[in-house]
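In what follows, a structure is listed as structure tokens, so that the remarks can point back to it.
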Amino acid sequence: MVLAALMVPTELTLPAGPDATTLDAVLRPLLVLAGQAALDLAGQAKPERKADGSPVTVADRAAERILAEGLAQAFPEDGIEGEEGARRSSSSGRVWVIDPIDGTDAFTHGLAYWGPTVARREHGRTTAGALLLPRTGDYWFADTLAGGELAAWHNGLRLAPLPDRPPHRGATLFVPSRLHHVATVSWPGKFRCLGSTAAHLALVASGGGHAALVGPSPAWDTATGTALIQAVGGIVRTLPQGGLVAGRRRAVEHLLAPHTLQVHGNPLTDLH
């Protein structure tokens with residue numbers, strides 16, 4: 001059996017954050033339920049292709065139902081926009097965007113970097129979000145504090161500001177899996193692709209990389225991760241070729257410099 005072979009516990013347990021906000025008490029158990037539902041369906045989740053060519057499984061749909069119903073119950077005035085079709089209008093000006101499994105390809109191949117993510121959007125800005133990786137138990141959470149400041153946590157611990165060192169030989173840049181088909185990048189360190197845009201961004205926020213390059217993506221892929229990066233002093237910039245770069249300031253500035261990113265032909269599309 002897949003779960004037993006990978007030594008995955010049947011019940012996920014996550015550390016409680018000592019100074020996380022009350023919103024975390026809603027989102028954390030909700031993402032655990034969605035993640036557990038996906039784990040339970042892992043052996044029977046055969047991918048189908050949607051109209052845009054991206055994969056979807058019964059696990060994506062089951063996880064989205066859990067997340068959409070839970071958010072609607074907890075925040076009845078807020079809207080909902082889910083990748084797999086969940087929709088609810090907003091009377092509050094707030095909308096929750098949902099990706100029930102960011103990294104569906106990784107999920108269907110038995111890899112570790114995938115999971116449910118949700119983010120609260122207000123007037124075009126992300127004000128809160130969360131991401132869970134069920135295979136590893138890693139959990140990230142961002143929220144806006146009373147003074148308007150974004151704060152971020154990883155596994156219950158408040159994240160400190162990122163050191164702003166220039167990229168070097170050991171620096172990691174997270175990239176889309178098909179980047180080599182459409183572009184070349186001048187980068188002094190390592191390229192990594194783990195299969196999940198949300199995980200790439202979250203790992204940058206918690207110090208696992210210097211920056212992430214992301215192709216054109218909907219908000220449910222990027223909203224939580226970019227909020228996490230901004231909460232720890234990183235920056236997010238759009239690319240003229242499409243997509244965005246996010247991470248430590250000097251790493252992002254390096255990627256935006258002339259001739260660093262060379263796109264061959266079409267903009268950065270179909271990179272997931």
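The values are calculated or read from the model by the stated rules, or taken from the named source; none is laboratory data. Keep in mind that this is a model prediction, so the values were computed, not measured. Here Cβ is always computed from backbone atoms with ideal geometry, including for glycine, and neighbour counts include all displayed protein chains.
For this structure, a couple of remarks:
- Total residues in segment 148-162, condition modelled with pLDDT under 95 and farther than 18 Å from Leu131 by Cβ: 2
- Taking strands (runs of 3 or more DSSP E) as the structural unit, those lying wholly within segment 161-206 and holding at least 1 residues that are farther than 19 Å from Ile235 by Cα correspond to 183-185, 190-192.
- Entry remark, segment 224-246: residues being under 16 Å from the mean Cα position of the chain (by Cα), farther than 27 Å from Gln262 by Cβ and not hydroxyl-bearing (Ser, Thr, Tyr) number 5 in total.
- Any hit, segment 82-90, residues being at pLDDT 95 or above, closer than 20 Å to Ala142 by Cα and outside the structural domain of Ser177 (by TED's automatic domain parsing): yes
- Members of segment 173-194 found to be in contact (Cβ under 8 Å) with a residue 40 or more places away in the chain, in contact with a strand residue (DSSP E or B) (Cβ under 9 Å, 6 or more places away or on another chain) and surrounded by 15 or more Cβ atoms within 10 Å (Cβ to Cβ), listed by number: Leu173, Pro176, Leu179, Val182, Ala183, Val185, Trp187, Leu194
- If you check Arg87, Arg121, Arg135, Arg94 for being exposed (fewer than 15 other Cβ atoms within 10 Å of the Cβ) and not small (Gly, Ala, Ser), only one passes: Arg87.
- Looking only at segment 44-84, residues that are out of contact with any strand residue (DSSP E or B) (no Cβ under 7 Å at 6 or more places or on another chain), surrounded by fewer than 16 Cβ atoms within 10 Å (Cβ to Cβ) and part of a loop (DSSP other than H, G, I, E, B) come to 7 in all.
- Check on Ala146, part of a strand (DSSP E or B) and out of contact with any Gly (no Cβ under 9 Å at 6 or more places or on another chain): no
- Test for Val97: is it assigned by TED's automatic domain parsing to the domain that holds Arg135, in contact with an Asp or Glu (Cβ under 8 Å, 6 or more places away or on another chain), at pLDDT 95 or above and among the hydrophobic types (A, V, I, L, M, F, W, C): yes
- Close pairs (9 angstrom Cβ cut-off, 6 or more residues apart or separate chains): more than 14 Å from Val232 (Cα to Cα) in segment 244-258, of a type outside the set (Phe, Trp, Tyr) and part of a helix (DSSP H, G or I) anywhere: Leu244/Thr222; Leu244/Thr226; Val245/Ala251; Val245/Val252; Val245/Leu255; Val245/Leu256; Ala251/Val204
- Those residues of segment 216-256 which are at pLDDT 95 or above, part of a loop (DSSP other than H, G, I, E, B) and out of contact with any helix residue (DSSP H, G or I) (no Cβ under 6 Å at 6 or more places or on another chain), in sequence order: Gly233, Gly234, Arg248
Residues are listed down the side, and each one gets a yes or a no for (1) of a type outside the set (Ser, Thr, Tyr); (2) part of a strand (DSSP E or B); (3) in contact with a Gly (Cβ under 7 Å, 6 or more places away or on another chain):
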| position | (1), (2), (3) |
| --- | --- |
| Ala112 | yes, no, no |
| Val118 | yes, yes, yes |
| Thr126 | no, yes, no |
| Ala130 | yes, yes, no |
| Arg135 | yes, no, no |
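- Filtered residue count, segment 177-214, keeping only those that are basic (Lys, Arg) and closer than 17 Å to Gly243 by Cα: 1
- Flag for Ser90 being out of contact with any Leu (no Cβ under 6 Å at 6 or more places or on another chain) and more than 25 Å from Gly195 (Cα to Cα): yes
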